[in-house]
Structure formats: C-alpha cells, structure tokens
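Data block below; observations after.
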Amino acid sequence: MSLPFLKSPLGDEPVVVEGHFNASPERVFRAWTDGKEMKAWFGPGGNGLYTARVDARVGGRWRLDYGDNNGQRDVLEGQYLEVVTDSRLVFSWIHERRFDDGHVEKTAPSQVTVTFAATSDGTFVRLVHERIVKKAGRLGVGEGWNGTFARLEEYLATRIGSVA
C-alpha cells in the first residue's frame, strides 16, 4: 500500500501527514473549514460524508457523519481549540461507531493540529494527530489521513480558481 502523505511510521505516535497543494493557503484553509466543501473531499474512501457540520471558531464544534454503512454508522466529532485564519487549526477528535444491534464504540479524545504554510506555488499542509491511545487506532488514522489528503489533492485540482 502506498502512503505518500504519511510521514511518520505507520502505527507510531504521533501520526504525521504532510502534503503540498497547488492552491493558496486561503483556498486550502477554506476547504478545511467549510462544511459543504468538507463533504466533497473529507475521508479516505469514495463513499464520502453524509453530513458535515463545521463551526470553525474557538469553542465551535464540528461533526462529520458517514451515515449507515453495512450495519454501522461512523461519526467523527470534536471541538476547535485554536483557529488562526489561513494558518492553523487545532481541534479535538472523537471517533464513534454505532452498530445496528445498539453497540457503540467510542475512542478517547485525541488532538489534531493542522498548519498551512504558503509556498511559491501553493500551500504546504502539515497535520499532527496525537494522543491516540491504541496502536490499532493509530494504524487506521494514519491510513485514513493519507487517503484524505489524496482526496483533498484531487478536490483542489478540479476546482476552478483553486490557486487564487
């Protein structure tokens, strides 16, 4: 499996993912903070999000719902701890999985820091996801973020005016 965006060894703490995008920091930041845009690209697979709610301000909440999928429903949610427009996001992260039989699995809160740095031809994005308690969680998160960055790259490449 190719993991071009994952920079930390798979399963290690913290999970570090980096990528360069041919779009301005303002454009990339907007993709991360607008629910309609996130719905179009967020997540590692092709299924995409069912709903995306984002209140990108300190203390604001975010929630990404993948809807029903073969007897389970995955929801990612958290709270923004730091928001520096076009430059930095820090937010808590909880993954909840609900099964049709009523069973619920929920991770302990972890933390994600995303930085956006202007380059001569776009934006360098660095994501650090830390405080993931279980190695199995870090394995899944590493692969998930890698796929998410790949989808973001494709999304930005297909948007008219993405370099603006």
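None of the figures in this text is laboratory data; all of them are computed from the coordinates on show. Nothing here was measured: the structure is a model prediction, and the numbers come from that model. All Cβ positions, glycine included, derive from the backbone under ideal geometry; neighbour counts span all protein chains shown.
Structural remarks
- In sequence order, the range 74-87 has phi-based couplings of 9, 10, 10, 7, x, 10, 6, 9, 8, 9, 10, 3, 6, 9 Hz under the Karplus curve 6.51 cos²θ - 1.76 cosθ + 1.60, θ = phi - 60°, and Gly or Pro positions carry x.
- Among (1) 18.7, 64; (2) 15.2, 52; (3) 19.7, 67, the entry that matches Rg and Dmax of the Cα atoms in Å as calculated here: (2)
- Note that the range 66-73 has calculated 3J(HN,Hα) couplings of 8, x, 6, 8, 6, x, 9, 9 Hz, one per residue in order, obtained from phi through the Karplus relation 6.51 cos²θ - 1.76 cosθ + 1.60 (θ = phi - 60°); glycine and proline are x.
- Cross-link pairs 39/135; 7/135; 36/135 - those with Cα-Cα distance over 23 Å: 39/135; 36/135
- Modelled spin-label separation between residue 82 and residue 133, with each label point placed 7 Å from Cα along the Cα-to-Cβ direction: 2.5 nm.
- Partners for residue 106 among aspartates and glutamates (Cα-Cα distance below 20 Å; same-chain residues under 8 apart left out): 13, 65, 68, 74, 77, 96, 130, 143
- Secondary-structure-derived ellipticity at 222 nm for the chain, considering helices only, amounts to -8000 deg cm²/dmol, per-run term -39500 (n - 2.57) for DSSP H runs with n ≥ 4.
- Estimated FRET transfer efficiency when R0 is 22 angstrom, pair residue 118-residue 18 (beta carbons, to 0.05): 0.90
- Using alpha-carbon coordinates, inclination of helix 135-158 to the longest axis of the chain, degrees: 40 degrees
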